[in-house]
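Student: Sending over a structure as structure tokens; questions will come in a sec.
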Amino acid sequence: MIFLQLAVLLICIFIGARMSGIGLGVMGMIGLLILIFVFGMQPADPPLEVMLIILSVVTAAAALQAAGGMDYLVNVAGKILRKHPGQITILGPIVTYFFTLFAGTAHISYSILPIIAEVAIKARIRPERALSMSVTAAHMGITASPVSAASAALLTVLVANGIKLADILMICIPSTLIGVAVGILFVLKRGKELNEDPEFLEKMKDPAFAKNVDGEQQNSEIVLKPGAIKSVIIFGLAVLGVVLLGSFPNLLPEFSEKEGFVPGFAVNASGQVQIPSMIMMIMLAASGLIILFANTTAAQVTKASLFSSAGSATIAVFGVVWMSGTFMNHNYILIKDTLGELVTAYPWLFAIALFVLSILLFSQAATTKALMPLGLTLGMAPAYLIGIFPAVNGHFFIPGYPTLLTAIQFDRTGTTKIGKYVLNHSFMLPGLVTTAATVIAGLILQSILL
């Protein structure tokens, strides 16, 4: 019976992934209804904390975008990259990584990727190298960011085991940086040099294409809105606040000695405000402060492109994680008895499971919330789960993720591409090498630091 139930789960995930957008969420709900009415499963609790954190964090990022803060960050990135064009294969991924780590979303890379492509072409460096690793680095930055939905999802799973945000960052920031560095070394001389690439040389025979490539480099900056810098400062202080309170729980307000104290969603049994709820408060408050002091409006925030992505991400996590959680809870004993010994003997198999599920879900947060509780159930140490956390970055495997497609679009030389057999695309090997190196580094660091 479990195989039939699993088939329903996987079919809904597969169809939802092909729909993209809110597809995973709505197909997850269809699957959940089938599990309830056909198989008689009791529904699990919906992933409210992760959903609300996604809404809060992405709303703050949308406010940053509406106020011009994203444009300011892109201008800074452009100056750094254009100042050292010969190092674009190294600097492109590093800049993209840190910008994603700060913003908590890979969407910021959409504005950086055309700059990386332009600088690489002008310097006659194969754009595929810098672009493939910049996309990979952006994904890694999500699992190192203190305000990403994925990191918040991991924290909500592990916080009951005494794990703090500082523990996650202490492992994931250095491990992802090591992974990105290994990935950069891997692509540094990958493929033919641009002036030796047959496809590029063929395109250069077109006078219009050659003139465009050899023309003056565009150095014009985006005209910044009046509140751009203020919005970056407010957002940065909010990120700092999340890091401090998540790393030092003793700073959180406590109400256990207050008259009429009752624990609930936001306050735990010991009377302390829970860090997931505090993240929601801080990030939405940051949105309000940006609207008040950074020359933007609530209407402009809701019109920002990032705001619409918040709705899609929330619905996706809502449906697919609720369905997966219901399946896991119903088959808890069977899964534990069947997989417990296997995972105990070969714990690296769980990292592969995370990677495979992330290929299907196209979401680090959804993968984390769906599988990490199972890791605890199977007796895996929280520190070990932090070490393998970056394995949730498998959505480069099938070349359908927006960042991959955007990078391909911006490479006018045609070096960044999807291969004849689909899976032999420009991002496959850099992604596999970077993810493997990151997970290995994470496992080593967690054994030393936690």
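Student: So if R0 is 30 Å, what FRET efficiency would Ala266 and Ile229 give, r being the distance between their Cβ atoms, rounded to the nearest 0.05?
Tutor: Working: r = 33 Å, r/R0 = 1.09.
Working from the Cβ atoms, E equals 0.35.
Student: Could you give the distance between the Cα centres of segment 176-195 and segment 73-111, to the whole Å?
Tutor: Spelled out, the Cα-based centre of one part sits 16 Å from the other.
Student: Sort segment 15-55 into rounded, prolate or oblate with this rule: let a ≥ b ≥ c be the square roots of the eigenvalues of the Cα gyration tensor; rounded if a/c is under 1.5, and if a/c is not under 1.5, prolate when a/b is larger than b/c, oblate otherwise. Each step should come with its number before you reach the end.
Tutor: On the way: a/c = 4.44, a/b = 1.21, b/c = 3.68.
Taking the square roots of the gyration eigenvalues as a ≥ b ≥ c, segment 15-55 is oblate.
Student: Using the Cα centre as the reference, give the magnitude of the dipole from point charges on the C-beta atoms of segment 2-449 (Lys, Arg: +1; Asp, Glu: -1; all else neutral), rounded to the nearest 20 debye. Write out the running numbers ahead of the final one.
Tutor: Numbers: 24 positive and 21 negative charges, 185 e Å.
That gives a dipole near 880 debye.
Student: Once label points are set 7 Å from the Cα along Cα→Cβ at both Gln42 and Leu244, what is their separation, rounded to one decimal in nm?
Tutor: 4.3 nm
Student: Something else now. By count of other Cβ within 10 Å, fewest leading, how are Glu202, Glu259 ordered?
Tutor: The most exposed by this proxy come first: Glu259, Glu202.
Student: What does the C-alpha gyration tensor say about the overall shape of segment 297-404? Classify as rounded when a/c is under 1.5, otherwise prolate if a/b is larger than b/c, or oblate.
Tutor: The shape class here is prolate.
Student: What number comes out for the charge environment of Ser231, summing +1 per Lys or Arg and -1 per Asp or Glu over other residues with Cβ under 15 Å away? Numbers along the way, then the final one.
Tutor: Working: positive: Lys225, Lys230; negative: Asp71.
After counting each charged neighbour, the total is +1.
Student: How far apart, in nanometres, would the label points at Ala208 and Arg124 be if each is projected 7 angstrom from Cα along the Cα-to-Cβ direction?
Tutor: 2.5 nm
Student: Let a ≥ b ≥ c be the square roots of the eigenvalues of the Cα gyration tensor of segment 134-229; is it rounded (a/c under 1.5), or, if not, prolate (a/b larger than b/c) or oblate?
Tutor: In terms of gyration-tensor shape, oblate.
Student: With a 10 Å cut-off between alpha carbons and a GNM built on the chain, which of Ser358, Ser308, Ser175 moves the most?
Tutor: The residue with the greatest mean-square fluctuation here is Ser308.
Student: Distance in nm between label sites at Thr302 and Leu185, each 7 Å beyond Cα in the beta-carbon direction?
Tutor: Label at Thr302, label at Leu185, 5.1 nm between them.
Student: So, one more: Using alpha carbon coordinates only, what is the Rg to Rh ratio of segment 341-450, with Rh defined as the Kirkwood radius?
Tutor: Working: Rg = 15.7 Å, Rh = 15.0 Å.
Taking Rh as the inverse mean 1/r over Cα pairs, Rg/Rh reads 1.05.
Student: Ignoring chymotrypsin sites (Phe, Trp or Tyr not before Pro) that are buried or in helix or strand per DSSP, and keeping those with at most 14 other beta carbon atoms within 10 Å, what is the longest stretch of the chain between them?
Tutor: Longest site-free region, per DSSP loop and neighbour criteria: 1-260.
Student: If you don't mind, another one. Have a look at Lys122, Lys336, Lys203 and tell me which one the Gaussian network model of the chain (Cα, springs below 10 Å) gives the largest fluctuation.
Tutor: In the Gaussian network model the winner is Lys203.
Student: Now, a different point. Roughly speaking, what is the centre-to-centre gap between segment 262-319 and segment 387-416 when only Cα atoms are used, to the nearest Å?
Tutor: 28 Å
Student: A further question follows. Work out, in µm²/s and without decimals, the Stokes-Einstein translational diffusion coefficient of the chain at 25 °C, 0.890 mPa s, Rh from Kirkwood over C-alpha pairs.
Tutor: 108 µm²/s
FYI, it's all coordinate maths here, none of it is from the lab. These numbers come from a predicted model, not from an experiment. Because the Cβ atoms are built from the backbone with ideal geometry, glycine has one as well, and the counts that use them run over all protein chains shown.
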